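First up is the structure itself, then whatever we jot down about it.
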């Protein structure tokens, strides 16, 4: 009987990158929470951008489908149609971008209370709410970019999935929820890491969570257009 194991080599590379920085720089659990927040935000932005580009590049096939369903569009010149598609895509992308900023800003308010960290004027309970949104983001990019880059590397196939309109309008799907679940799981893994590693439990808990984040295979339905590399044992 053959046992099939799905191994995402990109996930392994992402885990190695993120875990190395977490161990060397001795990240704390609040820092890990904010790095996941950053990773989810940049993943959502990347979904929006990639979907918009995909729609632009497939405007020709989109024109054929529209002509079949709406014969009146056949009278619209090709350049005008492309400009119309571009305008709609830009408007939808800007709307989705602003919505993602609002949602992550709201989530950041919770982190500023339950995962407060230095500098408090950006990530404290009275700091994040009074700061502009992009200053904390740029600070996190400077210090915790490996997690965001790792999430994008491990999930790069998500950016070439079918139905780009769905992604440009609603990028905050299962992967974003999956990232937030790891933050909620922090207390349990912290207790386990403290039991196994003692005072060094924070780094251990972070590495354990990163292993779950990057190395647990997704369901085939989550990987449209091709799953991870398949190895048979």
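The values are calculated or read from the model by the stated rules, or taken from the named source; none is laboratory data. All values reported here derive from a predicted model rather than from experimental measurement. Heads up, the Cβs are rebuilt from the backbone with ideal geometry, glycines too, and the neighbour counts pull from every protein chain shown.
Collect the residues in region 146-163 that are touching a residue at least 24 places away in the same chain (Cβ under 8 Å) and over 11 Å from the mean Cα position of the chain (by Cα), keeping them in residue-number order. Residues satisfying the conditions are 146, 157, 160, 161, 162.
Restricting 99, 29 to residues that are at pLDDT below 85 and either surrounded by 15 or more Cβ atoms within 10 Å (Cβ to Cβ) or assigned by TED's automatic domain parsing to the domain that holds residue 153 (or both) narrows the list to 29. Would you pick out the residues in region 115-126 that are in contact (Cβ under 8 Å) with a residue 24 or more places away in the chain and either in a helix (DSSP H, G or I) or within 14 Å of residue 137 (Cβ to Cβ) (or both)? Answer for region 115-126, where residues must be in contact (Cβ under 8 Å) with a residue 24 or more places away in the chain and either in a helix (DSSP H, G or I) or within 14 Å of residue 137 (Cβ to Cβ) (or both): just 123. Each residue in region 127-140 was checked for being within 23 Å of the chain's Cα centre (by Cα) and in a helix (DSSP H, G or I), and 9 pass. On the given criteria, is residue 86 over 30 Å from residue 208 (Cα atoms), at pLDDT below 85 and outside the structural domain of residue 209 (by TED's automatic domain parsing)? It is true that residue 86 is over 30 Å from residue 208 (Cα atoms), at pLDDT below 85 and outside the structural domain of residue 209 (by TED's automatic domain parsing).
Residue-wise test of (1) part of a helix (DSSP H, G or I); (2) touching a helix residue (DSSP H, G or I) at 6+ places or on another chain (Cβ under 9 Å); (3) modelled with pLDDT of 85 or more; (4) over 18 Å from residue 164 (Cβ atoms).
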residue: 10; (1), (2), (3), (4): yes, yes, yes, yes
residue: 23; (1), (2), (3), (4): yes, yes, yes, yes
residue: 43; (1), (2), (3), (4): yes, yes, yes, no
residue: 62; (1), (2), (3), (4): yes, yes, no, no
residue: 79; (1), (2), (3), (4): yes, no, no, yes
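Of the numbered criteria (1) under 25 Å from residue 34 (Cα atoms); (2) modelled with pLDDT of 85 or more; (3) surrounded by 12 or more Cβ atoms within 10 Å (Cβ to Cβ), the one residue 107 fails is (2). Based on what the data block shows, is residue 56 within 20 Å of residue 163 (Cα to Cα), in the same structural domain as residue 101 (by TED's automatic domain parsing), at pLDDT below 75 and part of a helix (DSSP H, G or I)? The answer is no for residue 56.
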